[in-house]
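These notes concern the structure reproduced below.
The values are calculated or read from the model by the stated rules, or taken from the named source; none is laboratory data. Every value quoted in this text rests on a predicted model; they were computed, and no experiment measured them. All Cβ positions, glycine included, derive from the backbone under ideal geometry; neighbour counts span all protein chains shown. Note: areas computed on protein heavy atoms with side chains; ligands, DNA, RNA excluded. Shrake-Rupley method; radii C 1.70, N 1.55, O 1.52, S 1.80 Å.
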Amino acid sequence: MRAYAAVVLAGGAARRMGGVDKPARPVGGRPMRDRVLAAVADAHPRVLVGPAGRVPAKVLVTREQPPGGGPVAAAAAGLALLDPDTPVVALLAGDLPLLTREAIGHLLRHLDAGPDGHHPTPLDQRPAAEPPGAATNGRPGAEPDGACFVDADGRRQTLCGVWRVPPLRAAADRLAAERGLAGAPIRALLAGLTVREVPWPGAGPPPWFDCDTDSDVRRAEEWVR
């Protein structure tokens, strides 16, 4: 599998949970942010953007400016810790307790596919569950700048994706010059990038399932039993 870094965004306000440190909330006896970090255990480096706390060894911790400044400010803070030659980064919400290494690998394979979404390896060497391609939105015929999951209703799960670092950094610089990063929506950061939309072919719960409410946490608990 190709080399990649990971940035996990864990600084949200969690207003629908009373302002708790949501990514630190356990699912199946393990904090959600630790589950996300485990899904990218082979990434280097792994960066957690959010409040300082106990995290697995060798995980870098930083904070967006201002604290609570939103996902774009957090993404920029994470990107700032990556080496200049880092090729790819997984950009992930910190409340995805069902994320798996398999799902990350699926995204990376689609990012490396050609402009038409087809993989360079012969069909008989691909995993059985791998679809032949996925839609690419943006510049026609262009290599994708990123790949993220898309749900059955066609909604992009942009904080469950992998991205080429140079165009993502360029997008952050552009947005900072245009309007600033604090409070900007993630769609503003990704505007203009070519995004490959990837359906999830696996069985079981979707890897992008996030926990915004107490009922979401209870549902995730049922899935991880």
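Annotations
- The C-alpha radius of gyration of the stretch 35-94, expressed as a fraction of 2.2 N^0.38 Å, stands at 1.06.
- Legend: residues 143, 197, sorted from most to least accessible area (1.4 Å probe; ligands, DNA and RNA excluded), read 143, 197.
- Exposure of residue 55 as accessible area (Å², to 10), given a probe of 1.4 Å and all protein chains: 40 Å²
- Probe 1.4 Å, accessible area per residue of the stretch 136-225, Å²: 49 Å²
- Calculated accessible area for the stretch 50-100 comes out at 44 Å² per residue, all protein chains present (probe 1.4 Å; ligands, DNA, RNA ignored).
- Shown is the FRET efficiency for residue 191 and residue 57, computed with R0 = 45 Å from the Cβ-Cβ distance and rounded to the nearest 0.05: 0.75.
- Cα coordinate range in the stretch 141-186, projected on the principal axes (Å, largest first): 35, 25, 17
- Accessible-area ranking of 58, 22, largest first, probe 1.4 Å: 58, 22
- Other-chain or far-sequence residues with amide H under 5 Å of residue 27's (modelled H): 32
- Inter-label distance for residue 101 and residue 214, nm, one decimal - labels placed 7 Å from Cα along Cα-to-Cβ: 3.6 nm
- Pair residue 155, residue 182: separation of 7 Å Cα→Cβ label points (nm): 2.9 nm
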